[in-house]
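The values are calculated or read from the model by the stated rules, or taken from the named source; none is laboratory data. Because the structure is a prediction, the values reported are computed rather than measured. Heads up, the Cβs are rebuilt from the backbone with ideal geometry, glycines too, and the neighbour counts pull from every protein chain shown.
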Amino acid sequence: MGEGTQATRSTSGSDTRNAVDSHAFTVWLQEERPLSDDSATRDLLREGVKNRLQELFDLVADESGPPRKIKVRWTADVSAESVKDNEIVIYFMKKYSQGLIKSYLEGRADERSMLPDQERENYQALADGVSTIQDGGLTLTEDSWGPWSLSEVYAEVCIDESAAQDAANSDEVVRDWQGGNIGNLAFHEAMHNQIDPTKRDSWDLHSSGGDGLAVANVGEGTEHTNANIEKMAAAINKDRKQYIKGKTKPPAPAKKEEEKKEVDSDYANLSSGL
């Protein structure tokens, strides 16, 4: 992993608060699939992910205007939580093939033909498997069938079991190095989740996000930059609905083009008779 882990690809596809909770903010983490089959390793990884993300979001909180507390929290079922529109949800699994994005894209395959050319190309690229075992994460910012954001992190690329077994301080290796690196990838996806939807299509996080955790190859020991924190702090105040497994429902399938033409023709005939 010395050359870095391919961090991500991203594509584009309000609630009432009172004065008491107006500055409360949670980054929700859900383990869609276990990070490790070994329970002790899994606990260490989860701890490392949370610790690293909490460290980063504490810095974001300090930069985000009015004083606020950002709490990073694991949840067993994010659909049972009261997720605010400007909060962040990140799903974790070992690899892309286990993720929600793959399942969602496959479920909407028949409707890609109805999209504008560029969006159709983006979806087709994702469906064709551009996200592979080399990728550490993916964020789908869905506007055509949304709007919402869906972020995933694929932990397998960060886990080196042999490195932990060979090290005398194996707990620290798993928690702080491997778990911390997964946390770095999660922050990168959180940047896609929050910053990408506020920018134009020409915006590219990897080249314009301030280096550090914004670059495409987030590797072991990658550190954040002040620009990463500042850009995240500016975006985090904006509402962006999240994809909530079990709650967010895809719209009814769009009519195929020939069906749509038939309906339009029937409507035209009906209108002319009024």
- prompt: Got a number for residues in the stretch 170-192 being buried (at least 24 other Cβ atoms within 10 Å of the Cβ) and among the charged types (D, E, K, R)?
  reply: 1
message: Please go through the stretch 157-182 and give me each residue that is in a loop (DSSP other than H, G, I, E, B) and not charged (D, E, K, R), ordered by number.
response: Ile159, Ala167, Ala168, Asn169
query: Of (1) more than 19 Å from Gly209 (Cα to Cα); (2) in contact with a Lys or Arg (Cβ under 8 Å, 6 or more places away or on another chain), Gln165 satisfies all except one. Which?
result: (2)
- line: Checked the stretch 157-169 for anything surrounded by 16 or more Cβ atoms within 10 Å (Cβ to Cβ) and either closer than 20 Å to Tyr91 by Cα or small (Gly, Ala, Ser) (or both); matches are Val157, Cys158, Ile159, Ala164
message: Can you list residue pairs whose Cβ atoms sit under 7 Å apart, with the first residue in the stretch 222-250 being outside any loop (DSSP other than H, G, I, E, B) and the second being hydroxyl-bearing (Ser, Thr, Tyr)? Count only pairs 6 or more apart in sequence or on different chains.
response: Ala233/Ser64; Ala235/Thr198; Gln242/Ser149
query: Can you name every residue in the stretch 126-137 that is modelled with pLDDT under 90 and either charged (D, E, K, R) or not in a loop (DSSP other than H, G, I, E, B) (or both)?
result: Leu126, Ala127, Asp128, Asp135
Matching residues in the stretch 202-220 - criterion: being part of a loop (DSSP other than H, G, I, E, B) and either out of contact with any helix residue (DSSP H, G or I) (no Cβ under 8 Å at 6 or more places or on another chain) or at pLDDT 95 or above (or both): Ser202, Asp204
